[in-house]
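A short worksheet on the structure shown next.
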Amino acid sequence: MKKTLPFILTFVSALTITVCVFFDLAPALVEEIDKWFILSGAVVCCIGLVNLTTVHARNIKRRGRDWDLSYVLLFITFAYLVLGIVAGPTHPLYAWIFDSTAVPLGATFYSVLSFYIVSAAYRAFRAKTRDAAILLVSGIIVLLGNAPIGEVIYPGFGTATKWIMDIANTAAMRAVIFGATIGSFITAIRVFLGIDRPYTAAGE
């Protein structure tokens, strides 16, 4: 039953939304299903919070690896949660904490990633093959076209960069998006028909 019931709910919900959206039927029913989807997402977040608490509480109890950081994580999580519930997400203190911690940390994280990106680009741009040479030349043209010094060296770098980004890059990205869309559609069909059941306990 624990495998059959989720499949029935998935099949009925997907079939209902598909028919109602394509044939413009019962918009109120689609809206109600969307509300249940949002509610289920909130339940999943609650389950994730319980799991996070259980894992780190166990780590603190066993004095496992970085158990002191588990204290910090649990304190920040529940303190910010209580603040959001009591004061609301629009409270100035709630917004200030987020803007003063999460935003700078995110910027720092991505700035550190730039060094790894440069390292990966260096390895990828080794012109060992014809394709790698084309990638290398294109990358150099785009870099010089976006850098102020590129226009000083040769004014045509800006035009070449615009052509690469608007024509070649757009065509490649559309091909990637088209392939990903087909793959997503096939995956949705397999879930819809019950061939793949990632929502079951064993993922069968």
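Coordinate-derived values only; no laboratory data. As the structure is a computational prediction, the values presented were derived from the model and not from experiment. FYI the Cβ positions are ideal-geometry reconstructions off the backbone, even for glycines, and counts take in every protein chain you see.
Worth pointing out:
- Helix-only mean residue ellipticity at 222 nm for the chain, each DSSP H run of n ≥ 4 adding -39500 (n - 2.57), per residue, nearest 500: -26000 deg cm²/dmol
- Gyration tensor (Cα) of the chain, equivalent ellipsoid semi-axes in angstrom: 42, 32, 21
- Qualifying trypsin sites (Lys or Arg not before Pro) in segment 1-92, DSSP loop, other Cβ atoms within 10 Å at most 16: 2, 3, 63, 65
- In plain terms, the C-alpha convex hull of segment 126-204 casts an average shadow of 8.7 nm² when viewed from every direction.
- In sequence order, segment 51-67 has phi-based couplings of 5, 4, 5, 5, 5, 6, 5, 5, 5, 5, 5, 8, 6, x, 5, 6, 5 Hz under the Karplus curve 6.51 cos²θ - 1.76 cosθ + 1.60, θ = phi - 60°, and Gly or Pro positions carry x.
- In nm, spacing of pseudo-spin labels at residue 18 and residue 168 (7 Å Cα→C-beta vector): 4.1
- For segment 129-134, backbone phi angles converted through the Karplus equation (6.51, -1.76, 1.60; θ = phi - 60°) give residue-by-residue couplings of 10, 5, 5, 5, 5, 4 Hz, Gly and Pro being listed as x.
- Exposed chymotrypsin sites (Phe, Trp or Tyr not before Pro) absent: longest stretch of the chain, with sites in DSSP loops and at most 13 other Cβ within 10 Å deemed exposed: 24-198
- Förster radius 45 Å - calculated FRET efficiency between residue 58 and residue 151, Cβ distance, rounded to 0.05: 0.15
- If you wrap the Cα atoms of segment 1-87 in a convex hull and average its projected area over all directions, you get 9.1 nm².
- Across segment 178-194, rounded Karplus estimates of 3J(HN,Hα) from the backbone phi angles (6.51 cos²θ - 1.76 cosθ + 1.60, θ = phi - 60°) give 4, x, 5, 5, 4, x, 5, 5, 5, 4, 5, 5, 5, 5, 4, 8, x Hz, Gly and Pro being marked x.
- Amide hydrogen proximity for residue 196: with H placed 1.01 Å from N in the peptide plane, the residues at 5 or more positions away or on another chain lying under 5 Å are 191.
- R0 of 25 Å, Cβ-Cβ distance residue 78-residue 44: FRET efficiency to nearest 0.05: 0.85
- Placing a label point 7 Å from the Cα of residue 10 along the Cα-to-Cβ direction, the residues of segment 181-198 whose backbone N falls under 16 Å of that point are 184-198.
- Residue-count net charge about residue 141 - beta-carbon cut-off 13 Å; Lys, Arg +1, Asp, Glu -1: 0
- Electrostatic tally near residue 158: other residues with Cβ closer than 15 Å to its Cβ, Lys and Arg +1, Asp and Glu -1, net -1.
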